[in-house]
Amino acid sequence: MIAYRGGAPVLATQFLRDMHRVVRALGSCANVLNACTDRYHFTVGFAATLVAGKVSLLPSTQTPAMMRQLLEFAPDVRCLTDDAACSIELPRIPYPADEAAATGNAARDGATAVPLIDEAQLAAVVFTSGSTGAPLPYRKSFGKLMQCVREEAFRLGLAGTRPWTIVATVPPQHMYGLESSVLLALGNGHALCAERPFYPADIAAVVHSVPRPRLLITTPVHLRALLAAGVALPPTDGIVSSTAPLPQQLAAEAEQRFGTHLLEIYGSTETGQIATRRPTQSPEWQLWPGVTLSSSGETSFAHGGHIEQRTPMCDVLELTGAGRFLMHGRVTDLVNIAGKRSSLGYLNHHLNSIPGVEDGAFFHVEPSAASHTGVTRVGACVVAPGLDSARLLEALRQRIDAAFLPRPLLFVARLPRNSTGKLPHEALRSLVAAQAK
Amino acid sequence: MPDKVVPLRQPVSPADAATLTREVAGLIVEALNLDIAASEIDPDKPLYGEGLGLDSIDILEIALVVSKQYGVQLRADSQENEHIFGSLRRLVEYITEHRTK
């Protein structure tokens, strides 16, 4: 059993047949943007891309500006999509229509050997938004990706056990979803669930529809929504949260109401996952074996183990012992909205690239007390006498992910820059406060 | 869903609908921290994308407001979902039809 779609099992033989159909559909391009929204389709596409010796490109967002940059990086890139209304501006390869599920002997006919992939093969290139407007590529070999999720399986109690079913509320196109909802299943004999439920009632229904033991891969935003919505929560055998720190109280409530334990994963696009903790037991994170952290000034660097290159981490980390650390919030420039990461520098670059914008700066916004999801946004101050809010937002929508569209967007006469051209945080905060009155 | 036969319910007076529309608009503005007044939301424009400019995180936030306030659980697999967020007016109609409190 490799997957569940609509509650029905998909056998490994079906998966292999589907994979070979997609290999044929991919043709001669060397790079694939896998935009499939059905997690089973994505997984078939990812495996087909590997088997065909091609590379999966995983950009942080799918805006027109990012697609142009992706074309510069890999001019032959094709977009594999299962959405007839796909609006991604790249040459497309439609995902082949699903076959009717074969049963009995027919399911075993045409069974193909499970392909072997060289550990050194380049499996994926993932992109971060960088801080200057240019996305930065990070290369992931198949071996390092699998090394990482073998440890994840061990941490979660999913190594060498009977098959689990993995339900995820996150997309497979980002590192957390790729590792925890696709590779964790493929690499350890577990089944993934094709759906990506969104509303609390949907998440509860999908979890309920798949066999136990079952694991829920989710985020603080979805967990908070699930606990707040007043839906009946099905018994679950493990919960994983990542993308942002989970408050200890929320973790305790989730463990109590789902009747299971909750593990948090710490990682980044650059490094993949590198540490776990159980927040109800300890605030300390335990690093993956072989991974080490070293500090230089305020910045911590991760290296070793499955990490491809020494990487500065975006959070303020305090080493507390061998393989252990505490996290003390983000580096000021970093923006994390419901797991989508960017930086004020990147957003400012794009804001100031818009014709008619004379000056502009993004800033962090305090959370609204009325919010149930606890998501905080970014705002922006802009000097653009010839533009109105609708036109400016439309131009930004072409450049940055919609999650980072400024709220509020404040038009001002000038920004309070000092004599060296820098914009002190305090001066910007005073300007925003004055505008709000 | 324009062609669907709506089950018979207590008729809703235009005044009640207007009151509920104002109330829902107010809840949305408050929960999403929008820098517009509730009365500025055009009841016939889409709530997401290029209308009010909301994204999926906002839609989740609205779903929670609606479940807490009116006892309505939204589902993505219902065909109606895109319709419901097609405008404030349709969201209010859906709430009116399905509210349990």
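The values are calculated or read from the model by the stated rules, or taken from the named source; none is laboratory data. The shown structure was predicted, so the numbers you read here are calculated from the model rather than taken from an experiment. Note: ideal-geometry Cβ built from the backbone for every residue, glycine included; neighbour counts use all protein chains shown.
Observations
- Test for B:ALA25: is it surrounded by fewer than 17 Cβ atoms within 10 Å (Cβ to Cβ) and in contact with a helix residue (DSSP H, G or I) (Cβ under 8 Å, 6 or more places away or on another chain): no
- Screening the candidates A:ALA232, A:ALA201 for the property of being surrounded by fewer than 19 Cβ atoms within 10 Å (Cβ to Cβ), in contact (Cβ under 8 Å) with a residue 12 or more places away in the chain and either within 14 Å of another protein chain (Cβ to nearest Cβ) or more than 22 Å from A:TYR40 (Cβ to Cβ) (or both) yields one hit, A:ALA232.
- From the options A:ARG324, A:ARG391, A:ARG341, residue that is in contact (Cβ under 8 Å) with a residue 60 or more places away in the chain and among the basic types (Lys, Arg): A:ARG341
- Checked against (1) in a helix (DSSP H, G or I); (2) touching a residue at least 40 places away in the same chain (Cβ under 8 Å), A:GLN273 meets all criteria but (1).
- Scanning the range A:204-228 for residues that are within 12 Å of chain B (Cβ to nearest Cβ), hydroxyl-bearing (Ser, Thr, Tyr) and farther than 16 Å from A:ALA3 by Cβ yields a count of 1.
- Within the range A:125-158, the set of residues being assigned to a loop (DSSP other than H, G, I, E, B) and at pLDDT 95 or above comprises A:GLY157, A:LEU158.
- Residue ID - modelled with the highest pLDDT, chosen from residues in the range B:30-44 that are outside any helix (DSSP H, G or I), within 12 Å of another protein chain (Cβ to nearest Cβ) and surrounded by fewer than 20 Cβ atoms within 10 Å (Cβ to Cβ): B:ILE36
- Applying the set (1) more than 22 Å from A:ALA204 (Cβ to Cβ); (2) part of a loop (DSSP other than H, G, I, E, B); (3) at pLDDT below 85 to B:GLN79 leaves exactly one unmet item: (1).
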